[in-house]
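The values are calculated or read from the model by the stated rules, or taken from the named source; none is laboratory data. It should be emphasised that the depicted structure is a prediction, and the values quoted were computed from it without experimental measurement. As a convention, Cβ positions derive from the backbone with ideal geometry for all residues, glycine included, and neighbour counts pool all protein chains shown. Protein only, heavy atoms only, side chains kept; ligands, DNA and RNA dropped before computing areas. Shrake-Rupley method; radii C 1.70, N 1.55, O 1.52, S 1.80 Å.
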Amino acid sequence: MDDVARDPRQDEPDAPATPVTEPSGPPPDAPRGDVPPVVVPRWVQLVGLPLIVLGAWAIIRAAGAVLLLFVVASLIALLLNPFVTLLRRVRMPRGLAVLVVFLSLIVIVGGTIALLANPIADQVSSIQGDVPSYVRDANQSLADFQQWLDDHGIAVHIADQGRTALQTIGARLTAGSGSLVRFTRDALTTLVEGSLAVILVLVLSVYMLLYGERIGAAVRNLVPRGDGSSEDDFPTRIQHAVLGYVRGQVLFSLIMGASAGLVLWILGTVGIFPEGRTYALFFGLFFGFAELIPYVGPAIGAAPPVLVALLGSQPIDAVWLIIAFTVLQQIEGHVVAPNVFAQALRINPILVIFALLLGNQLYGLLGALISLPIAAMVRETVIYFRRHLVLEPWPSVALAGAGSGLEGRPPPPPVSTCPECGARVPEGAAFCPSCGTDAPDPSAHAAATSAAPG
């Protein structure tokens, strides 16, 4: 068992010993140990890297929805793995820890729904009971408008058509919550496929959690070795990136939902849209939940109160609501979102927009939803590989007849020292193991030293 768990790269003769203690001096983004980077040879840069990029793109194009399922399952496993690890510290078997975490998640979600079900159901029932009055008020407004058109000799008849449409909407809204939804064959097929996809994602996430330690060990064997600290451990950094995104998204939804509920309550208190004071909790929760959906989330969250105001006795309230939600969206886009996600993702806003557009182009709204955590993971991957991979430099080609440019310069340093970073270079090495700079030629150094004036 010890031979299997041991990292075979620890037997390399040139690799320094990994420190056991964790110093507190460097910042979290800086490696804490003297770990030499892995130098990528020139032939790999020329042949391997383009093939890797093309192969990855071909796999993404061919995998399609299958890859999407694995990505979603991986994100769920990364979110739940810290809780499994916490239970593992009290010597609980990993399988039992995974079961406890999933059961706890079900209890938390179910308890939250149960706590919010009664107040939300009361407000929905109240809205449903008020729909007939909204329809009557709208019909009266249409009749008044039709009378105004008739008085001014405008031959346009909108009352009958509008009244019929409003009665249809009112009947459907009133009976919608108690009627059975009839699915067509396509809708039923979509529902079954979606249910199977959800079950498959949950099963995959369970297996990923069960084999989490093996997956982490396999990833560590594939990437360059870190210095042994959690700040320089690749799987840990990826997990922290996903958790940071979730914390930022939850905080963002809470802020926007509370802000929307507060705005509606204030408008209802001052007499603009009186229903806002009554249904502030329901509309605020719905707006916060809708903020989880990229692009169309703010519009979806603002739709119910605007629709209620439009059908009410004062349709002008809908205009005030549109103005209020527009201002709220501007504050969201320019103040709340940059500050929240700047701490969660640490990604340039231009890259955030690009990730959202690319995810939406590849997999629709679901792709846009998972694009930001994937962008955070890509960022951590790039940072880690920039630390631990060095591209072997390509030799410079001098122009014919041009001088070497070395006139008047001091002789090069000893062969055992890198001329670029000053690190020790093993005898016979072609380049520096720390920065990848070409090592000085011993014969050229000896000739330069003998030719130098005494």
**Message:** Quick check on residue 374: is it open to solvent by less than 80 Å² (accessible area, probe 1.4 Å) and either without any contact (Cβ under 8 Å) to a residue 60 or more places away in the chain or more than 19 Å from residue 288 (Cβ to Cβ) (or both)?
**Reply:** yes
**Message:** Condition first: among the basic types (Lys, Arg) and either open to solvent by less than 50 Å² (accessible area, probe 1.4 Å) or touching a residue at least 24 places away in the same chain (Cβ under 8 Å) (or both). Now tell me which residues in region 40-94 satisfy that.
**Reply:** 42, 94
**Prompt:** Of the residues 364, 312, which is in contact with a helix residue (DSSP H, G or I) (Cβ under 9 Å, 6 or more places away or on another chain) and either small (Gly, Ala, Ser) or farther than 22 Å from residue 75 by Cα (or both)?
**Reply:** 312
**Request:** Please indicate, with yes or no, whether at least one residue in region 247-262 is farther than 15 Å from residue 336 by Cα and touching a residue at least 40 places away in the same chain (Cβ under 8 Å).
**Result:** no
**Message:** So, in region 298-346, how many residues would count as being in contact (Cβ under 8 Å) with a residue 24 or more places away in the chain, open to solvent by 30 Å² or more (accessible area, probe 1.4 Å) and over 25 Å from residue 280 (Cβ atoms)?
**Reply:** 3
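Conditions (1) in a helix (DSSP H, G or I); (2) acidic (Asp, Glu); (3) at pLDDT 65 or above, marked per residue:
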{"position": "90", "(1), (2), (3)": "no, no, yes"}
{"position": "95", "(1), (2), (3)": "yes, no, yes"}
{"position": "99", "(1), (2), (3)": "yes, no, yes"}
{"position": "103", "(1), (2), (3)": "yes, no, yes"}
{"position": "110", "(1), (2), (3)": "yes, no, yes"}
{"position": "113", "(1), (2), (3)": "yes, no, yes"}
{"position": "120", "(1), (2), (3)": "yes, no, no"}
{"position": "134", "(1), (2), (3)": "yes, no, no"}
**Prompt:** Can you tell me which residues in region 293-305 are touching a helix residue (DSSP H, G or I) at 6+ places or on another chain (Cβ under 6 Å) and under 22 Å from residue 354 (Cβ atoms)?
**Reply:** 294, 297, 298
**Prompt:** What single numbered condition from (1) surrounded by 10 or more Cβ atoms within 10 Å (Cβ to Cβ); (2) in a helix (DSSP H, G or I); (3) at pLDDT 50 or above fails to hold for residue 32?
**Reply:** (2)
**Request:** Only residues that are surrounded by fewer than 19 Cβ atoms within 10 Å (Cβ to Cβ) and farther than 16 Å from residue 246 by Cβ: list them for region 95-109, please.
**Result:** 95, 96, 99, 100, 102, 103, 104, 106, 107
**Asked** What number goes with the only condition from (1) closer than 30 Å to residue 68 by Cα; (2) open to solvent by less than 20 Å² (accessible area, probe 1.4 Å) that residue 215 does not pass?
**Response** (2)
